[in-house]
Amino acid sequence: MKLLILDAGHCLSLALAQEASRRTDTELVIEQGSTITSAQLQAITPDAVIIPPLAHPLSMAPADVTAHADAVDACMDACQAQGIALVWCVSDQLYEDGFEIPIDEHVVPAPRDESLRRLVQAGDRIRAEYHRHLIVRLGPLFALEGSHAWLNEIIDSLMIGQPARAAEDVIFCPTSADAVAMALIGMLQQQVCGADAWGAYHLAGTEPVSAFTFTSMVRTQLATHLEGRGENVALGDVQALNHHHDAKLRRVLNCRRVLDVFGVHQKPWRLEVGRMLDAWCLTREQQQGEGTGELA
């Protein structure tokens with residue numbers, strides 16, 4: 001299976017590249033840009049095109065969000081012309097006002113924000129005009145590298161003693177980019193083998209929490225990892241932000257359909273964070289060792 005991944009520096013693109021490198025059944029072509037032409041697809045002949053998500057469209061400039069939607073439209077036209085599957089990953093922030101209960105896949109987002117509505121229009125067009133698509137709504141992604149990685153930003157702030165500010169009144173399911181990469185490749189392998197299960201799916205980590213709780217847990221685990229290595233680092237504090245003063249806003253994705261159709265299980269974000277912090281500490285130790293060796 002050959003996949004074409006757009007936005008090379010995105011944390012999900014990097015996770016997909018890492019996952020594909022461990023497999024013998026998946027070839028990746030990665031493009032720097034955020035769109036593709038029909039002629040390029042004809043030359044590359046991928047089985048699917050994957051568009052990583054805008055991680056925080058609510059906090060982005062409207063023009064950037066609209067440009068992303070325009071790029072998605074262009075990608076759909078190119079994929080449709082060549083008969084190539086389109087996979088578009090989108091943020092749970094499209095459910096701008098949240099829901100009291102877990103959000104099922106059939107619920108189409110209806111945001112108030114104009115730029116978010118432009119993203120929904122792109123999704124509506126894909127559903128209406130091109131059968132061979134996967135629209136994958138994701139919980140907030142975290143990873144150690146790449147754009148939109150979140151976890152690396154938290155670690156960087158804490159390590160230099162700066163406060164890490166995080167909302168306490170929005171509940172969601174943090175989602176490992178590595179877990180999403182593994183799931184997407186598995187889903188597309190099944191599609192290539194004839195599953196023909198196109199449509200909308202949700203992927204998110206287990207255990208709904210606020211960004212404040214997530215960030216506080218990262219700080220606790222980071223401190224434990226550093227102490228275990230004999231390092232005494234004065235980590236920055238975690239500061240709570242509140243934007244929705246009347247009640248907490250919940251964006252919890254129901255991921256039942258992706259389990260029933262593809263057998264994809266949700267990954268516990270706490271375990272994924274622990275694994276990533278192990279990897280971060282190992283890299284840090286290697287870099288410190290190299291620095292010591294250079295000095296010697």
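The values are calculated or read from the model by the stated rules, or taken from the named source; none is laboratory data. These figures come from a predicted structure and were not determined experimentally. With ideal geometry, Cβ positions are generated from the backbone for all residues, glycine too; neighbour counts draw on all protein chains shown. The protein model used for the area step is the full one, side chains on, heavy atoms only, and it has no ligands, DNA or RNA in it. Shrake-Rupley method; radii C 1.70, N 1.55, O 1.52, S 1.80 Å.
Between a residue in the stretch 196-215 that is within 18 Å of L249 (Cα to Cα) and any residue that is surrounded by fewer than 20 Cβ atoms within 10 Å (Cβ to Cβ) and among the polar types (S, T, N, Q), which pairs come within a Cβ distance under 7 Å, given they are 6 or more apart or on different chains? Every condition considered, no pair remains.
Quick one: in the stretch 111-125, which of the residues that are assigned to a loop (DSSP other than H, G, I, E, B) and of a type in the set (D, E, K, R) is surrounded by the most Cβ atoms within 10 Å (Cβ to Cβ)? Please lay out each step first, then the result.
So in the stretch 111-125, the residues assigned to a loop (DSSP other than H, G, I, E, B) come out as 111-113.
Of the ones still in play, those that are also of a type in the set (D, E, K, R) are 112-113.
Details: R112: 8, D113: 16.
Restricting to residues being assigned to a loop (DSSP other than H, G, I, E, B) and of a type in the set (D, E, K, R), the top hit is D113.
For the stretch 142-167, which positions are open to solvent by 10 Å² or more (accessible area, probe 1.4 Å), under 19 Å from Q221 (Cβ atoms) and in a loop (DSSP other than H, G, I, E, B)? The answer is L144, E145, W150, I160, G161, Q162, P163.
Every condition in (1) touching a Pro at 6+ places or on another chain (Cβ under 9 Å); (2) free of Cβ contacts under 8 Å to residues at least 60 places away in the same chain is met by D237 except one, and the failing one is (2). Determine whether D124 is closer than 18 Å to P53 by Cα and at pLDDT below 95. Judged against the criteria, D124 is not a match.
State yes or no: is A128 without any contact (Cβ under 8 Å) to a residue 60 or more places away in the chain, more than 14 Å from the chain's Cα centre (by Cα) and surrounded by fewer than 20 Cβ atoms within 10 Å (Cβ to Cβ)? Here the answer is yes, as A128 does meet what is asked. I need the full set of residues from the stretch 84-110 which are among the acidic types (D, E) and open to solvent by 10 Å² or more (accessible area, probe 1.4 Å), in order please. Listed by number, the residues that qualify are E96, D97, E100, D104, E105.
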